[in-house]
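A.B. asks: Attaching a single structure in structure tokens format; questions to follow.
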Amino acid sequence: MKTWKVLIVVAGSALTLAACGGGGANGNTGGGDAGCTVKGSATAAVTPTVVSNVVPDPNTDGRFTPSNITVKVGQSIEWDWQDPNVAHTVTSDDGTTFDSCLQNKGYKFLVTFNQAGTIPYHCTIHPLMIGTITVTP
């Protein structure tokens, strides 16, 4: 009976690691999500108005600090991955405005906002990691 319990724990751990990106398999290239294409990232040299860190949190498997951000039209937000243990995404709730794809510690993702409005966002694999961007005129 003890062997079955160990096998169940091992199988559960393997599934959890696979869902979280396996602890660094993508090498910060955006290739960790099969079929995911990074969207909305600024390509020119842009100085961000706000930096939000993607950090560990034992209660939610991670968090954005800050998570609720206000910028003006034309300003940018940079997310910096600092969680050494788990991969995360920064993905707009509509799935089209921006998506970092699954990334690991050291990755930086910059988005410039050119339209006023409210944009909720989240980590696709950690449902408690959420935030809201308010873009003012």
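What follows draws every value from the coordinates through simple rules; no lab data is involved. For clarity, every value in this text was computed on a predicted model and none was experimentally measured. Here Cβ is always computed from backbone atoms with ideal geometry, including for glycine, and neighbour counts include all displayed protein chains.
A.B. asks: Need one word for region 84-137: rounded, prolate or oblate. Basis is the Cα gyration tensor (sqrt eigenvalues a ≥ b ≥ c); a/c below 1.5 gives rounded, then a/b vs b/c decides.
C.D. replies: Working: a/c = 2.40, a/b = 1.73, b/c = 1.39.
Verdict is prolate for region 84-137.
A.B. asks: Put a dot 7 Å past each Cα toward the Cβ at residue 93 and residue 46; how far apart are the dots in nm?
C.D. replies: 2.2 nm
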